[in-house]
1. Pop a pseudo-label 7 angstrom from the Cα along the beta-carbon direction at both A:ASN334 and C:ILE78 and give the gap in nm to one decimal.
2. Could you tell me what percent of the DSSP beta bridges with both partners in the protein assembly as shown are antiparallel, to the nearest 5?
3. Viscosity 1.567 mPa s, temperature 4 °C: Stokes-Einstein D of chain C from its Kirkwood Cα radius, in µm² per second?
4. Along the three principal axes, how long is the range B:48-150 when you take its alpha carbons, biggest first, rounded to the nearest angstrom?
5. What aspartates and glutamates could a cross-link reach from A:LYS19, if we take a straight Cα to Cα line under 18 Å and drop same-chain neighbours fewer than 8 places away?
6. A:GLU197 to A:LYS137: extension gain in nm, 0.36 nm per residue of separation minus the Cα-Cα distance?
7. Quick test of your reading: applying the under-4.7 Å Cβ rule, which cysteines of the protein assembly as shown are isolated?
8. Over the Cα atoms of the range B:195-258, what radius of gyration and what Dmax do you get, in Å?
Amino acid sequence: MTDTTAHDNSGPVLAADGKPLKVSLARALRRQKIRALLLIAPLLLFVLITFIVPIGDMLFRSVENQIVQETLPKTVVALQEWDSEAGTVPEEPVFAALAADMKIAVAEKTHTRLGTRLNYEMNGISSLFRKSGRGVKKWDLANDGPFKDKFIALDKKWADPEVWVTIKANSPKYTPGYFLNAVDMQVSPDGIEARPENQQIYVTLFKRTLMMSLMITGSCILLGYPIAWILANLPMRQANLLMILVLLPFWTSLLVRTSAWKVLLQQQGVINDLLVWIGLVDDANRLVMINNATGTIIAMTHILLPFMILPLYSVMQTIPETYLRAAKSLGATNWTAFWRVYFPQSIPGIGAGSILVFILAIGYYITPELVGGTKGVFISNRIAFHISTSLNWGLAAALGAILLAAVLILYYAYDKIVGIDNVKLG
Amino acid sequence: MKLTKTLLATTALAMTAGVAGADGHMADEMTIVSWGGAYSASQIKAYHEPYMEKTGIKIINDESSSEAVAKLRAMSEAGNVTWDLVDVEAADAIRLCDEGLALEIDPATDLAPAPDGTSAADDFGDMLVSDCFIPQIVFSTTFGYRTDQVPEGVDAPSGACDVFDLETYPGKRALNKNPIANMEWALLCDGVAYEEVYTTLETEEGQAQAFAKLDTIKADTLWWSASAEPIQWLADGEVFMASAYNGRLFSAIVEKDQPIGMAWNWQMFDLDGWVIPAGLADDRLARVKDYVMYATDTQRLADQAKYISYGPARASSAPLVSTHADLGIEMAPHMPTEPSNAENTFVNNYMWWADYRDDLDAKFQAWLAK
Amino acid sequence: MADTANNDAFVEFERVQKSYDGETLVVKDLNLSMPKGEFLTMLGPSGSGKTTCLMMLAGFETATHGDIRLGGTSINNIPPHKRGIGMVFQNYALFPHMTIAENLSFPLEVRKIGKSEREAKVKRALDMVEMGTFGGRRPAQLSGGQQQRVALARALVFEPELVLMDEPLGALDKQLREKMQFEIKAIADNLGITVVYVTHDQTEALTMSDRVAVFQDGRIQQLAPPDQLYESPENSFVAQFIGENNTMEGVVTQISDGKALVQLDGGELIDCKPVNVTKVGERTRVSIRPERVEYNKERLHADAHTLKAEVLEFIYMGDIFRTRLRVAGNDEFIIKTRNAPDQTRLKPGEQIEIGWMPEDCHALDA
């Protein structure tokens, strides 16, 4: 702005003290900026520590693979000479290096950890390292060589070239392996290829997670919109009462709610009993409404509905009734007035609610685990499994990173199609 | 922008909830982690209360065992282990030991010998499946069925293979949503001898055979992930037959009087016990070791069986198992280890599963999702 | 007020009542009849029932009792969108998600008018309000006055015969308001449309209307052309509500020949026109417009009664002088005089005598 005026004159505009006006202005604003920064510093730090750093850590873990190099440094170097495609077992120098590395690893108890890591790539390496560790403990490095036969005597798996291929393939510090695994691919001697069909699961789960989250978001819109409309148009007292009912799910424990759904929806449950009693459903053909995708959608719609209703409600509250009246006075029927005038103005609420519900939905795992059976579980269930049961945090991180990327892509697409300015939380 | 910030703030808040509850260890306190429910109650009665009375040390009972493996790893990475002793299944103990997250123990010095002088190593015997694992109880994954839904003129189901017999026993079944035991049962009931089960499962063909057997009942099977689920389904009549932990079944049958019967054949034994987290300070370690020495002696393990139907992991405790503390019934027949209950049994093959779990789990989940 | 159905009547309210809660009436026994082409203003304080009447006419409220007719047919059961009445709302109610042109096109679209005709009509309507170049903008990009014009154009674009306006100028500043008053009136006259206009601003009502209905307490207090309303208020509410007024209370002592002699409470006698006093001894409130008070003795009627007054304050207001007097114990007696070369400027403390033509002093209900 100041530029245009400055160009007309010869030289910059000066303040009263002779300094350029821009400089004076910047100085005057600096104090303000610093104060503003100081005010938000605690939050900034908090977000950094609790949000940015963990996400960065997760992204790092999804490619990090230093354990092989750190545990078997000499072996990794010795293996560089070895041709992994020859189909033969390495020679004595590699085994000697392995013995030296293992000796240290056993003392530090890191060999079993490496075994667990490599077992993700090849069955049996876990016990190979555990077993070999016990043997190596008793060896004397200086006098007990050569080691090739001694290792093979400990466990004949050491004579399997496949083990060495696995060690060599995983010796770089960073690996695309977790990400490949997360999209049902793997590295093979012929390059990157799809995993065998009987191991493909993650792509299916990603697709299912996205599809079902969209369906949950959709049913939240369908169910939440009329309720939000009623809320926004009721007198304050009644609206508050209804709002309490809407918020009730927030105040009930997740497990209680989920159990309630089971009681209602299972084949010997209340709804089926009622339908059989009325005669709508034959006793032998009771409806399957839980432990499948339907169950997940019903239960999660219920849980996430408030996240749709609240932004919708707060947006609808800001739409004056006059717009509808104006539309009708201009000749629009009730439906046209709603659809052409009211609805477009409530879209920001739908946008905000959908983003909230969708993002929450794709991250849910307890509810799908409990009511989803086999067809209603999400990718998050596998992430939880790898975090807490298999301890394959690298794979969990890769799955999480892909999920994060999917959310960001959808967010970007939403911004492009609808415009993120069109999102209002109230 | 507004939205992004709101989302960020919400997430950040949610995450601190986990950070809270930091270390507040007092000099005479111990945090012992277990499974909660009836199982924790039995430990409190049999171990914690007498120990607190004896020593004056306060024991805080934490119920996080279901997520103990991940939490221990996270604590260890953060360099702040707040737990003193953790109750885990043997498979998890092996994993924790491999990861260096659990302390290796020496039975000779860390565990009490039997009253007759037998060394702890001999008294526990095969139960010492890992260098870090302190065995406590034997439980089994076995079967319960609805007694009122057995077809007329047919014998009640006796075990695992009846699950695969849809003709004789129609109705829904429930199985655990993971490959362990299910794969073994599929092969055993498809005519594979137990001795060959694991070598068979190591081959692609063997795995295909197991999945093919499971395919025959897939449409009629519900899969559970929380151990309370199969019991609830049995109680509601949602399924006819379900695999479940024997202690849960005992409680439903004996304590809650549900029309459920036990089918023990081919039950799979599992071990549950303690691990000491690696990296405890010396004073804490000494205190925990003292507790472990006390809580795993012959009498204490036998005492626990008064409150729950899990078998003590020490041979010397078995003869001391008496009656249920509240119901007064004889507990020995309800123990999974009672020989007359089952013709065939097997013990969870921890070492084999440690090698094959990752692979088979992926395949099992892929099979389930199909 | 017309009690019977008038053949010329275009808009009619007959014995209309409205209650929201079933206990109190916000509109009480309303009768009103308007010929085609009239510009009628409903004027009154807030809560007087004027907006409710407008909403009943528009169809957004239903009459609890009575009949509302448009062009001779009862519209009580016709939904708003079928009444074909144009309406301008207080806050314009321009649809924020549509451009100006789309806003104007909306009533034509719902009437299924073809695209080319639509465009022509929209353009004509925008040109009429001098907004022809703004068709592509959104309402938020316009100033208040511009939005007001667009709202007017939108209410007119589908060529309704009746247009309702609910305090349409309330949000504008004074200057703009005056300009718009003139424009709205001119457009209404040009198009020959019938307008019902609601406002609480009496100046607006007086400048724009053919007739003004003064509302108070759910009733029309007076329905008359602006000059009649101002000069011959029918009761003290109307007198007080319309324009500035000096009031004094007293008792009628004599009525004859269209003149009433009123003895004020202080004992002074004044001449008045009896408006709604009928007999001697009745208490009355008299009202005199400040600009009708005369203090120049030469201009007073020879035999007129006069009152003594003391000047308390003199305010120079440019076009007029405004002088505050103490008259018969009333400290708030105002007179207004034109700023003319021969006009004397009164000084505070000065003692003067004031008087007026008897027909300018209205003896109203007490």
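Just so it is clear, none of the values below were taken in a lab; they were calculated from the coordinates. All values derive from a computational prediction rather than experimental measurement. Here the Cβ is made from the backbone with ideal geometry for all residues, glycine too, and neighbour counts use every protein chain on show.
1. In this crude label model, A:ASN334 to C:ILE78 measures out at 2.0 nm.
2. 70
3. Working: Rh = 23.1 Å.
Rounded, D is 56 µm²/s.
4. Projected onto its principal axes, the Cα set of the range B:48-150 covers 54, 42, 33 Å.
5. Candidates past the 8-residue exclusion: A:ASP3.
6. On the way: separation 60, 0.36 × 60 = 21.60 nm, distance 4.12 nm.
Extra length available between A:GLU197 and A:LYS137 comes to 17.5 nm.
7. Isolated Cys, the protein assembly as shown: A:CYS220, C:CYS53.
8. Rg then Dmax for the range B:195-258, in Å: 15.5, 44.
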